[in-house]
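Before any comments, here is the structure.
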Amino acid sequence: MMIARLVTTGMIVAAFHLLSGCGDRGTEPPKPPSTAEAPPETAAIHAIHPPPAVHARLRIQPAARRAVPELVTAPGEVALDLKQMAKITSRIGGQVERIHVQLGDRVKKGQPLVAIGSLQLDQLIEEYLVGKAQADVAENSFRRTKKLRADDIVTERKLIEDKGRYLETQARYQHIREKLTNMGISTKQLEEGQHENSHLYTLTAPIAGTVVAQNAVRGQGTAPGDELFEVVDTSRVWVFANLPIEQARRFHEGETGTITPKGGETITAPLTYIAPIADETTRTIRVRFEVANHQGHLKPREYVEVVLTWAGPPVVAVPRSALSVVNKVRGVFVEREGGFSFQPIVAGRESGEWVEIQRGLNEGDPVVVDGVFDLKNVLLKEQIESGG
């Protein structure tokens, strides 16, 4: 009986160990990390030793901190400067009697554009002349009464009545005078009697520029508010562009950008406006440049390219000539003790001849900037000879 129990117990223990071993074999041990996923700064290739002829052509320059400007490019559109355009409208009803200019004409400020004959104008001029005469009579009467009252010849009531009449006629005269002045009619000419020759209402150009719209012909009836001409001056224009919010934050009014029309020369212009709110649809910021356009190269409503330059803080940078690609990896050759090694890098901004190095180099590292192609050939030759 004792022997049978021992045998049974041994069989149970053996079975337990067998089952435990099967469970262990089902769990695979973790794999070591792949060297292919190592960061660029740890994947440098072994040092190479170029022959003297190649070494003599190499130029070494330490990686240094410097500003690497970033070019921000956006499509832009040329627009009229609103201060450089004018719509000429009639302020009185009447009929077009004379046309002094036509579409495409260059005009000077104050130059006559169109003359309108108007019965309403005749009435206004009549009211002005009558009002001026009444104001002059009332003023003389008030002054005479004032002197007589000083000598106690007339009563105080007479003085008050004449003063009231003078103020009333003066107010009526000033009101009609301001109406004519706002219409561009010289009251001085009316007072000199020139109104007897013609009562035409002449509209003049408020700015110098080019007539780009003409809506008036001889004999045409006009009403207050009718637009008869449009004059624009394109010697200065606006250029608008939209920037992403994060880019717009980098710039300030007063900075300079460049404007390049298609097939035209680049023009520099100041940034004069940055919208305080973002566009509701595109979530971009609208910016504006004021561009001198004396030669008329920029045409309103044409599309252009807008470029702004952001300097940014100093970063570790190397010349563009230092960069090379080996085995599909971008990097630079760094001088080490006893030779040169290819150091993979992560590049950032590129501007002109400089490239920002985000990872892979430290400030002061000696980098090959001339002769990189020769070093690359030496490296590839060694890899082929070694079977790598």
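Observations on the structure shown:
- With neighbour counts taken as other beta-carbon atoms within 10 Å, the residues Leu58, Leu361, Leu71 rank, fewest first, as Leu71, Leu58, Leu361.
- Seen from all directions on average, the chain presents a Cα convex hull projection of 52.4 nm².
- Summing Cβ point charges (Lys, Arg +1; Asp, Glu -1) relative to the Cα centre of the chain gives a dipole of roughly 340 debye.
- Computing FRET efficiency as 1/(1 + (r/R0)^6) for Glu126 and Arg57, where r is the C-beta to C-beta distance and R0 is 56 Å, gives about 0.05.
- Between segment 199-249 and segment 285-340, the alpha-carbon centres lie 39 Å apart.
- Ordered by the count of other Cβ atoms within 10 Å of each Cβ, fewest first, Ile185, Ile99 give Ile99, Ile185.
- Within the listed set Phe333, Phe142, Phe373, the residue fluctuating most in the Gaussian network model of the chain (springs between alpha-carbon atoms under 10 angstrom) is Phe142.
- GNM flexibility winner over the chain from Asp365, Asp279, Asp136 (Cα, springs under 10 Å): Asp136
- Across every direction, the projection of the convex hull enclosing the Cα atoms of segment 88-221 has a mean area of 9.6 nm².
- Altogether, the Stokes-Einstein calculation at 25 °C and 0.890 mPa s, with the Kirkwood radius of segment 119-198 over Cα pairs as Rh, returns a diffusion coefficient of 177 µm²/s.
- Under 21 Å from the Cα of Lys188 - lysines, other chains or at least 8 residues apart: Lys109, Lys132, Lys179
- Rounded to two decimals, the Cα-based Rg/Rh of segment 223-279, with Kirkwood Rh, is 1.13.
- By the count of neighbouring beta-carbon atoms within 10 Å, fewest first, Leu124, Leu308, Leu167 end up ordered Leu167, Leu124, Leu308.
- Direction-averaged projected area, Cα convex hull, segment 283-322: 6.4 nm², rounded to one decimal.
- Per residue, the chain reaches -9500 deg cm²/dmol at 222 nm when only DSSP H runs of four or more residues are counted, each adding -39500 (n - 2.57).
A short reminder: the numbers here are calculations on the coordinates, not readings from a lab. Predicted model only: the values in this text are computed from it and were never measured. Positions of Cβ are generated from backbone atoms using ideal geometry, with glycine treated the same way; all protein chains shown enter the neighbour counts.
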